[in-house]
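*Asks:* Here it is, the structure, as structure tokens.
The values are calculated or read from the model by the stated rules, or taken from the named source; none is laboratory data. Because the structure is a prediction, the values reported are computed rather than measured. Quick reminder, even Gly has a Cβ in these numbers, built from the backbone with ideal geometry, and neighbours come from all protein chains shown. Just the protein is used for accessible areas: all its heavy atoms, side chains included, with ligands, DNA and RNA removed. Shrake-Rupley method; radii C 1.70, N 1.55, O 1.52, S 1.80 Å.
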Amino acid sequence: MKDYEVIIGLEVHAELSTNTKMYCNCSTEFGADPNTHCCPICTGMPGVLPVLNKKVVEYATKAGLATNCEISRFSKQDRKNYFYPDLPKAYQTSQYDLPLCIGGHLDINVNGEQKRIGITRIHIEEDAGKLIHDAYTGDTLVDMNRCAVPLIEIVSEPDIRSADEAVAYMQTLKSILEYLDVCDCKMQEGSLRCDVNLSVRPRGQKEFGTRTETKNLNSFKAIHNSIEFEIKRQIEEVENGGKIYQETRRWDDAKGIGYAMRTKEDAHDYRYFPEPDLAPIVLSEEYIQNLKDNLPEMPHIKKERYMKDFDLPEYDADILTSSIKTAKFFEEANDICNNPKAVSNWIMGDFTRMLNEKEIEIDESKVTAQNLAELISLIDKGTISSKIAKQVFEDMFETGENAKDIVEKKGLVQMSDEGAIKEIVQKVVDANPQSIADYKAGKDRAIGFLVGQIMKETKGKANPQIVNKLLLEIINK
Amino acid sequence: MSISKDEVKHIANLSKLNLTDEELEKYTNELSDIVDMANELSNIDVEGVKPTAHILDIQNVFREDIQQPSYDRELILKNAPSKDAGCVSVPKVVE
């Protein structure tokens, strides 16, 4: 088999987190009863006049600035015509030849290497409604709540070369949109999704192969798996002397297979023309500069600051800053307990594991930043041992109680009274002459056993440093 | 004819319209007249005229992002020829 090069470009759709729709005052809230967030404008009644939501321009401009795009001083909206039941107007208001943002880039990290991915453009457009297939009657039901929810479409250059790069690009983009607070990025709700354009060519060949477009991928796993599938399919097709057709494809995540959609040849005749009901968008230098000056700290900048200000390893800083929610939690907790490495360790360790098990995000957890900070302070002050702290944290995670209450209620305060500990150490030493003999014969492991016995006697509450010190004193006597 | 029967068929198809032979004939003639009329605009000298994005000299017509009550669902669905479970019901869409 020849060596093949994979060429991928992504079209990412991000729903903007505005209160209202793109051209009317209806709510954009997800999950409402069907057709209860609708009015004559968003359901395409004749004779209505759409008026653009100011926030849409602001949010899209911010996304453009954060991805190093040139912001158009003059842009306009166009009608993209197609006939489908999820689109009551029979055209989608989008942008064609004069999009809001042009020519940016993003730097991604894949396996420790940095790579720059070009961004062709970002334009604003409206979302379509939702079609529900009624298994009982066989009909299709139309819910128009999502009609005209504002979107930005972020189109990348064909610079992506693998599934891993595509996922890294999407993760980076998600993180930036979350930092900007312009999209809630709930992929499972479809507020962030992408289409994958993919082709293969034998390495060294100049011309691109024919590309296919896999639509509507709404998880990192689906993006990764659908790309791996499509790469394999195209290479096998070419190797077997077959032909790749330019087609739109779907990904069945449950079955793990992609398939071509049945489309008519004329499906892509969109007959774009300028939207006569909407005025051009003209942005002043002042407007753009003001948004630029007020952009929040971006993930890669925050990461470097964490390494510098908090003396955290790159690995920690990377994980803590990849999501704005995690970063906020970290900062809030550290402001209280002033122990960045401990906060980082907790977040990256048990906490993340437990969040993953419950499939929730950090801001949905019962543990607040203040709770975690208090727990860390209790360890730092020597009130509880780190071992007990793990136990306390499990309780905090389940109940949302604060660390101090749990420690008091369960009597978990660390024993630091040397006299009391000494008694127990002596008792354990007396009861285990064989271990003492082993230790004296050079078997250091015997110490571990003895410490274990002492901790058992004290139900894990003895201060381990004091235990170690006293134990060595007694047996080395 | 500045527009062919095939083009009219294609446009009808995109709009999901079935045209009889007589209608096709009629619309081809009518649309040709319209296109001819529009083509006359090409004779105008536009040297030095900036491309126009909108017929009125307006820009930046925006609204604030403030939510207001939507319409009652009954009202929204009133024009639908068929409805079910609070939705417009349409013939099965095959992808």
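*Asks:* To test your reading of the geometry: what angle, between 0 and 90 degrees and rounded to tens, separates the Cα axis of helix A:445-457 from the longest principal axis of chain A?
*Replies:* Taking the Cα atoms of chain A, the angle to A:445-457 is about 90 degrees.
*Asks:* Quantify, in whole percent, the carbon and sulfur part of the accessible surface of segment A:167-310 (1.4 Å probe; protein heavy atoms only). Kindly include the intermediate steps, with their values, before the conclusion.
*Replies:* Numbers: 3790 of 7880 Å².
Carbon and sulfur together cover 48 percent of it.
*Asks:* Karplus couplings for segment B:62-77 from phi (6.51 cos²θ - 1.76 cosθ + 1.60, θ = phi - 60°), rounded to Hz, Gly and Pro as x?
*Replies:* Rounded to whole hertz, the list is 10, 10, 6, 8, 10, 6, 10, x, 7, 7, 4, 4, 3, 5, 4, 8.
*Asks:* On average, how many beta carbons from a partner chain sit within 10 Å of the beta carbon of a residue in A:36-44?
*Replies:* Numbers: counts 6, 6, 7, 6, 3, 0, 3, 7, 0.
What the average comes to for A:36-44 is 4.
*Asks:* Evaluate the distance, in nm, between pseudo-label points positioned 7 Å from the Cα of A:K206 and of A:E239 along their respective Cα→Cβ axes.
*Replies:* Going from the A:K206 label point to the A:E239 one covers 2.8 nm.
*Asks:* Could you rank the peptides A:160-171, A:393-404, A:426-437, A:124-135 by their average count of other C-beta atoms within 10 Å per residue, with the highest value first? Walk me through the numbers on the way to the answer.
*Replies:* Numbers: A:160-171: 20.7, A:393-404: 17.0, A:426-437: 14.0, A:124-135: 18.8.
Per-residue Cβ counts within 10 Å, averaged per peptide and sorted highest first, yield A:160-171, A:124-135, A:393-404, A:426-437.
*Asks:* Check each residue of segment B:41-85 and keep those whose accessible area, probe 1.4 Å, is at least 50 Å² smaller with all protein chains in place than in the chain alone; give them in order of residue number.
*Replies:* Residues meeting the cut-off: B:A53, B:H54, B:N60, B:F62, B:R63, B:D65, B:Q67, B:S70, B:Y71, B:R73, B:I76.
*Asks:* While we're here: Out of all DSSP beta bridges with both ends in chain A, state the antiparallel percent to the nearest 5.
*Replies:* Values: 56 of 59 bridges.
Rounded to the nearest five, the antiparallel share is 95 percent.
*Asks:* Next up: Over chain A, what is the relative contact order in percent, taking alpha-carbon pairs closer than 8 angstrom and at least six residues apart?
*Replies:* Numbers: 824 pairs, mean separation 65.2, N = 477.
So the answer I get is 14 percent.
*Asks:* To continue, here is another question. Tell me, in nm to one decimal, what length is gained between A:I336 and A:A32 on full extension, where the rule is 0.36 nm per residue of separation less the Cα-Cα distance?
*Replies:* Numbers: separation 304, 0.36 × 304 = 109.44 nm, distance 3.93 nm.
Extra length from A:I336 to A:A32 when fully extended: 105.5 nm.
*Asks:* More than 19 angstrom separation, counting every C-alpha pair in segment A:418-475; what % is that? The partial results should precede the final answer.
*Replies:* Numbers: 283 of 1653 pairs.
Everything past 19 Å amounts to 17 percent.
*Asks:* Could you look at segment A:418-475 and say what percent of its accessible area is carbon and sulfur, using a 1.4 Å probe and all protein chains? Don't jump to the answer; show the numbers that get you there.
*Replies:* Details: 1780 of 3340 Å².
Answer for segment A:418-475 is 53 percent, counting heavy atoms of protein chains only.
*Asks:* Under a crude label model (7 Å from the Cα following the beta-carbon direction), how far is A:R73 from A:K308 in nanometres?
*Replies:* That separation, rounded to one decimal, is 3.4 nm.
*Asks:* A further question follows. Solvent-accessible area per residue for chain A at a 1.4 Å probe radius, Å²? Show your work: numbers first, answer last.
*Replies:* Values: 23200 Å² over 477 residues.
Accessible area per residue: 49 Å².
*Asks:* For A:122-128, what's the mean count of beta carbons from other chains sitting within 10 Å of each residue's beta carbon?
*Replies:* Counting Cβ atoms of other protein chains within 10 Å of each residue's Cβ and averaging gives 0.
*Asks:* Please report the spacing between the Cα centers of segment A:128-154 and segment A:269-344 in Å, no decimals.
*Replies:* One Cα centre to the other: 32 Å.
*Asks:* For A:Q370 and B:E7, FRET efficiency with R0 = 56 Å and r from the beta-carbon atoms, rounded to 0.05?
*Replies:* Once the sixth-power term is evaluated, E becomes 0.20.
*Asks:* Something else now. So for the pair A:R116, A:Q289, with labels modelled 7 Å out along Cα→Cβ, what separation do we get in nm?
*Replies:* About 2.6 nm, to one decimal.
*Asks:* Give, as a single signed number, the net charge of other residues whose beta carbon lies under 15 Å from the beta carbon of A:Y96, with Lys and Arg counted +1 and Asp and Glu -1. Spell out each step's value before the answer.
*Replies:* Numbers: positive: A:K76, A:R79, A:K80, A:R121, A:R271; negative: A:E11, A:D78, A:D97, A:E125, A:E126, A:E153, A:D269, A:E275.
Local charge sum for A:Y96: -3.
*Asks:* Could you work out the relative contact order of segment A:1-72, using alpha carbon pairs under 8 angstrom and six or more residues apart, expressed as a whole percent? Don't skip to the end; give the middle numbers.
*Replies:* On the way: 46 pairs, mean separation 18.6, N = 72.
Contact order relative to length: 26 percent.
*Asks:* Which aspartates and glutamates, if any, have their Cα less than 20 Å from the Cα of B:K9, not counting same-chain residues under 8 positions apart?
*Replies:* List returned: A:E265, A:D266, A:D269, B:D21, B:E22, B:E23, B:E25, B:E30, B:D33, B:D36.
*Asks:* How big is D for segment A:4-287, in µm² s⁻¹ as a whole number, if Stokes-Einstein is applied with the Kirkwood radius of its Cα pairs at 20 °C and 1.002 mPa s? Provide the component values of the computation, followed by the final result.
*Replies:* Details: Rh = 19.9 Å.
Roughly 108 µm²/s, to the nearest whole number.
*Asks:* I would also like to ask the following. Summarise the partner chain shielding of A:23-34 as one whole number: the mean count of Cβ atoms from other chains within 10 Å of each residue's Cβ. Write out the running numbers ahead of the final one.
*Replies:* Details: counts 1, 3, 8, 5, 4, 2, 1, 0, 0, 1, 2, 6.
Counting other chains' Cβ atoms within 10 Å and averaging over A:23-34 gives 3.
*Asks:* If R0 is 45 Å, what FRET efficiency do you get for A:Y272 and A:D318 from their C-beta distance, rounded to 0.05?
*Replies:* On the way: r = 42 Å, r/R0 = 0.93.
Computed FRET efficiency for A:Y272 and A:D318 comes out at 0.60.
*Asks:* What residue among A:V57, A:L106, A:N402 has its Cα farthest toward the positive end of the dipole of the protein assembly as shown, where the charges are +1 on Lys, Arg and -1 on Asp, Glu, each on the Cβ?
*Replies:* A:N402
*Asks:* Continuing with this model, one more query. Select from A:T248, A:N290, A:Y315 the residue farthest towards the positive end of the dipole of segment A:243-320; place +1 on Cβ of Lys and Arg, -1 on Cβ of Asp and Glu, and compute about the Cα centre.
*Replies:* Most positive-ward Cα: A:T248.
*Asks:* Just to be sure I understand the interface: list residues from segment A:48-64 that lose 50 Å² or more of accessible area between the chain on its own and the complete protein assembly, 1.4 Å probe.
*Replies:* Correct list: A:V51, A:K54.
*Asks:* What dipole magnitude, in Debye to the nearest 20, does the protein assembly as shown give about its Cα centre under +1 on Lys/Arg Cβ and -1 on Asp/Glu Cβ?
*Replies:* For this selection, approximately 2180 debye.
*Asks:* If you take the Cα atoms of the protein assembly as shown, find Rg, then find the Kirkwood Rh from the mean of 1/r over all pairs, what is Rg/Rh? Don't skip to the answer; put the middle values down first.
*Replies:* On the way: Rg = 31.9 Å, Rh = 28.7 Å.
Ratio value, two decimals: 1.11.
*Asks:* Rounded to the nearest angstrom and ordered from largest down, what semi-axes does the equivalent ellipsoid of segment A:297-410 get from its C-alpha gyration tensor (root of 5λ)? Show your work: numbers first, answer last.
*Replies:* Values: eigenvalues 114, 50, 23 Å².
Each semi-axis is √(5λ); the values are 24, 16, 11 Å.
*Asks:* A further question follows. So what are the ³J(HN,Hα) numbers for segment A:309-315, from phi and the Karplus equation (6.51, -1.76, 1.60; θ = phi - 60°), rounded to whole Hz, Gly and Pro as x?
*Replies:* With coefficients 6.51, -1.76 and 1.60, one gets 6, 10, 6, 8, x, 4, 4 Hz.
*Asks:* What are the chymotrypsin sites (Phe, Trp or Tyr not before Pro) within segment A:210-265 that DSSP puts in a loop, where the Cβ has at most 13 other Cβ atoms within 10 Å?
*Replies:* Values: sites: A:F220, A:F229, A:Y245, A:W251, A:Y259; in loops: A:Y245.
When the chymotrypsin sites (Phe, Trp or Tyr not before Pro) of segment A:210-265 are filtered for loop state and at most 13 Cβ neighbours within 10 Å, A:Y245 remain.
*Asks:* Please give the total accessible area that chains B and A bury against each other, computed with a 1.4 Å probe and expressed in Å² to the nearest 100.
*Replies:* 4000 Å²
*Asks:* If you don't mind, another one. Looking at the P(r) of chain B, how many percent of alpha-carbon pairs lie beyond 21 Å? Mind dumping the intermediate values first?
*Replies:* On the way: 3041 of 4465 pairs.
Looking at chain B, the distances longer than 21 Å represent 68 percent of pairs.
*Asks:* What FRET efficiency, computed as 1/(1 + (r/R0)^6) with R0 = 25 Å and r the Cβ-Cβ distance, is obtained for B:N79 and B:K16, rounded to the nearest 0.05? Let's see the in-between values first.
*Replies:* Values: r = 18 Å, r/R0 = 0.72.
The calculated FRET efficiency here is 0.90.
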